Structures are given as structure tokens and as C-alpha cells.
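Below is one structure, written out as C-alpha cells; comments come after it.
Just so it is clear, none of the values below were taken in a lab; they were calculated from the coordinates. Quantities reported herein were computed from a predicted structural model and do not represent experimental measurements. We place every Cβ from the backbone using ideal geometry, glycine too, and count neighbours over all the protein chains shown.
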Amino acid sequence: MTTRRRFCSTLAFVGLGAATGCSSPGTTPAPPTTSSSPSTSSAGPTPSETASTPTPTPTASKPVNPVSMQALIQKTYNGRDLRLGRVLDRNAAYTRYAITYLSGRLTISGILNVPNGPGPYPAVVLNHGYIDPAIYTTGRGLAREQDYLARHGFVVLHTDYRNHAGSSNDPSSDINLRIGYVEDVVNAVHAIKAAPKAAKVDPNRIGMLGRSMGGGISYSVLAAQPGLIDAAVVFASTSSDAAQNFNHFIRRDAGRSTIVNAVFKAHGSPEAQPGFWRDLSPVNYFDRVTEPLLIHHGASDSTCPIAWSRAAHAALTRAGKRSTLHVYPGEEHAFGPLWPLSMQRTVAFLRQNLR
């Protein structure tokens, strides 16, 4: 593994993990050429990961492992108290605020882009890819998407997750495979639905967009809390299989032996405890999904193999869900020339489903 790959995969966890730099750059690339027309798929090939028979939704009397999809299903969420802080920027299209909201006992920071005009507007919660918390700053990641969506009439909430920027610290986050990030995103949706009038949010029109690690988080949100949002978009997502992510990003990296050993001590390896890893994988709960999903993935992605998106799309399609996969020839993980086309499709999809 090269030095860059080792840095990129540092602590990129199951179903949630991806590479540092997974969030897109802040510059807008050139428009696509007609010779680079991406393909569209409504039914994927046989996936490399196989969904098991879905585990029944647990009852309140049956205790579940707190690090599991079942726990995310059963949990009571209390996202609230979204507060608009100082103005970070004003332009002709929108105002950018620093914000905080509550997620369980934690305070989570982030940014909110609010379009100029009377509103109310549909809102999109953005889930960024992996960026080392040691260098992360509030609102970092998905910079192009934040700007583009606000300029096209969406309120944009970009959450920082726990242990990032001004958010509260959760010392157990890594050992618990960052399942708390999913909780923070679910609570972000609850918080923005109850946002103050200054946020101009229509609480009945809420979407979600996740890139890389944030795509994996989005899969978990859709499977754990059907009906929470109206539609979701994922870019270059991590796998919907937890063990596959852990093995790809962490286990094979000799430099991460300490965290590998700690995770295995707490939860067991995929070979020793397959049930734990299966129950942490959203692919095994895709039968619960009720919202339409749009998936974008570059055919040349060297960070998150396109096979992962093909597998997720195939599993969703087999389950009878509304999933659309767009494949972009020549595009790498962060997207370049075809990014504008992917966002045109994203806005059309959101406008169709957030109404």
C-alpha cells in the first residue's frame, strides 16, 4: 500500500468508512463532452456481496447489540434545537450560517446554506466522506455540492458528525465502528424539520446526499429509518456490507493493527462473529427501504470499487426498491469533467421527489 493510500484509508470503518479526501474539491470542473457519455442502469449485475435473509425488526422487549442496524432501527431519536449562529458568508444566491443541533447527549456542529427569497424551500442533508478529524474544519467536504444545491433552491445542512470540528466528543466512536455518525445524521433530519423560521425549511420536503463514507451512512439511514426522508442520492459510496469495508480499508493495512485488534476484541472478526458483521450491514435490511435512491459512481474509482454500487443497486432492485444507478466512464472517486452532469441529474431527481 502506498503512503497516500495508507493515509487515505486511516480509520475508515465498516459501512461508514472511506478515504481521506473522499469529499469533493471546492472547484467546479469543466462541463462534460459528448464523447464521455455515462451509462445508466436500472438493474445491476449479480452483486459481489450477497444480502442475507433480513433480520426481523426487533421488539422493545428484545435487547439488541447497540452496535447494529437493529439498534439503529429500535433507537428513539431526539434531534432538535437547530440554532443558526454567525453568518459565514453572504452572496447573491444564499446566506451561509454556522449551526449546531442536538444529537442524543451530544451537540453537533455544521453549516446551513439558506437560499435568498421568502421560502419555504426543500432541504437536503449532506453526509460528507471521510476526512481525518484532526484536520477537519466545520462544513469541510462536499463544497461543490453545498454551493450548487443552494443556488438551485435547496436549504443545505452539512453536518460535521461527532468528534469533528465544533461537535461534542464521543470517546467510544471508533471502537463502536462510528455507528454514531448514523445517529447524528438521523438527528440532523429531525432537527432541520423543526428548524426556526429563519432557516426557511419546508419540513415536508427533505432529501439526503452522501459521498463515499457518507454514502454508506445514507444506506444505513434509509434502511434503519424508512419514511424519515423523501429521497436520497449517493456518490461513489462505500460498500453496503460492513465486513467488506473493514477488510478493504483497515484490515489489510499493517499500520492499523492496533485498531484492528481493538475492534476484534470488542466485536470479533468477520470470520469469528459473522452475525455481528451481518447485522451491521445495511444491505441485509434493504427490504425496509421505502424511498427512491439515485446512485452515481465513476467507472475508474480506485478508492471505492464500482462493484460496490453495482451490488447495492442489484440488492435494492431484487427487493423491489426504486434504485437508479448512473455509471460515469473514466471518472475517479471525486468526479471531474462529468460532475456537472451528475449534479444536473441530482437536482432533477430531488425536484421530482421532494414535492
Could you tell me the calculated FRET efficiency between E332 and R90, based on Cβ-Cβ distance and R0 = 25 angstrom, to the nearest 0.05?
0.15
Select from the stretch 102-144 those trypsin sites (Lys or Arg not before Pro) which occupy a DSSP coil region and have at most 15 other Cβ atoms within 10 Å, ordered by residue number.
R105
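When the chain is fully extended, how far beyond the present Cα-Cα distance does A319 get from E271, taking 0.36 nm per residue of separation?
On the way: separation 48, 0.36 × 48 = 17.28 nm, distance 2.66 nm.
Full-extension gain reported as 14.6 nm.
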A194 to A134: FRET efficiency via 1/(1 + (r/R0)^6), r the Cβ-Cβ distance, R0 35 Å, to the nearest 0.05?
0.60
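Sort largest first and round to whole Å: the equivalent ellipsoid semi-axes of the stretch 247-336, each the square root of five times a Cα gyration tensor eigenvalue.
The answer is 28, 21, 8 Å, longest axis first.
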Value in Å of the Kirkwood radius, where the stretch 197-355 supplies the Cα pairs that are averaged:
16.7 Å
